[in-house]
1. If the requirement is being closer than 25 Å to V72 by Cα and among the polar types (S, T, N, Q), which of these qualifies: T172, T203?
2. So, in the stretch 188-199, of the ones that are more than 16 Å from R141 (Cα to Cα) and either exposed (fewer than 15 other Cβ atoms within 10 Å of the Cβ) or touching a Lys or Arg at 6+ places or on another chain (Cβ under 8 Å) (or both), which residue ends up modelled with the highest pLDDT?
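The values are calculated or read from the model by the stated rules, or taken from the named source; none is laboratory data. Small disclaimer: the values here were computed from a predicted structure and weren't measured. All Cβ positions, glycine included, derive from the backbone under ideal geometry; neighbour counts span all protein chains shown.
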Amino acid sequence: MIPAVPAVALVAVATQVLRAAHRSDLPSFPNQDPSGTFGDPGAPPLRIVALGDSSITAPGVEDLDNTWVRRVARALTERHRVELISVAVGGAQARDVIEGQLAEAVRLQPDVALVSVGANDALRGVPPERYRAELRRIIDRLEDTGASVVLYGMGDMASIPRLPPTLRRWATRRSDVFDRIARETAAASRRTVKVYTQGRVRTAFHEDRSLFAGDLFHAGDTGHAVFAEAALPAFEAAIALSRAHHNGG
C-alpha cells in the first residue's frame, strides 16, 4: 500500500509531472492509429480490439508497423487472419477508458481485448484503489462479451528520461503498486492474462535510452519491440482461453 500523501505534496508532484510532460526544448509527437488487417484472408479470423493510452497510440514511433501491437498482430498471422482495431486515446486514464472507449470496444465484439492503461493514473496521482475498481469494471465488461483479455500493466516509469530525479523513487513505487493491482485483477478474472512486465520491460529502458522516442517520454520503434516480445506469450494464452470458452471448455 502507498501511504496517504498530503494534498500539498500531491500538488507539488503533479506540477513536476506536468512540467516533465510539456518541455518546449523537446519534440512533441502526434498520436497514431495502429489499426489494420494482417495475414492470409483464408485463415481463421481473429479480432483484437485495443483500449488504453499512448502505449497503443504510439507517439514518436516512426513506422506504424513497428508499434508493438502491430508486431504482435503480424506474429499471430501464422494461424490467423488478424483484424486489429484500436479505440485507444493518448493520455487516457482508466476512467477515460470506461467513459470513452469501453462501449465501442464491446460493440466490436472482440475475440481478444487488449487493455493497456494505468501509467497516466499512476503519474497523475489517482488513488490505487480507484484504479483497481475501474480496471475491474473494464475487464468484467469485456469478459461479459465472451472475449479474453490481455492486460499489459507497466514496467518502471522511473526510467522515463524526462522525469526529474526527485520523482524517480516515487515513480518506481507507483509503478510497482499499479502493476501489482493489474496482476491481482487478472488473477481474479475469468479469462484475463497479464503481460509479464517485471523482466526486460522493467530493466531495458533503464539500460538503453535509445529505446525512447525523441520526446524522451514515450517508447520509440525499438522500445516497442521490447513491449511486443513481452506481450506475445500473453496473447497466445488469451487466444487459447478464448478458443476453450467458445468450444464450451
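1. Details: T172 fails: closer than 25 Å to V72 by Cα.
That would be T203, the only listed residue that is closer than 25 Å to V72 by Cα and among the polar types (S, T, N, Q).
2. K194
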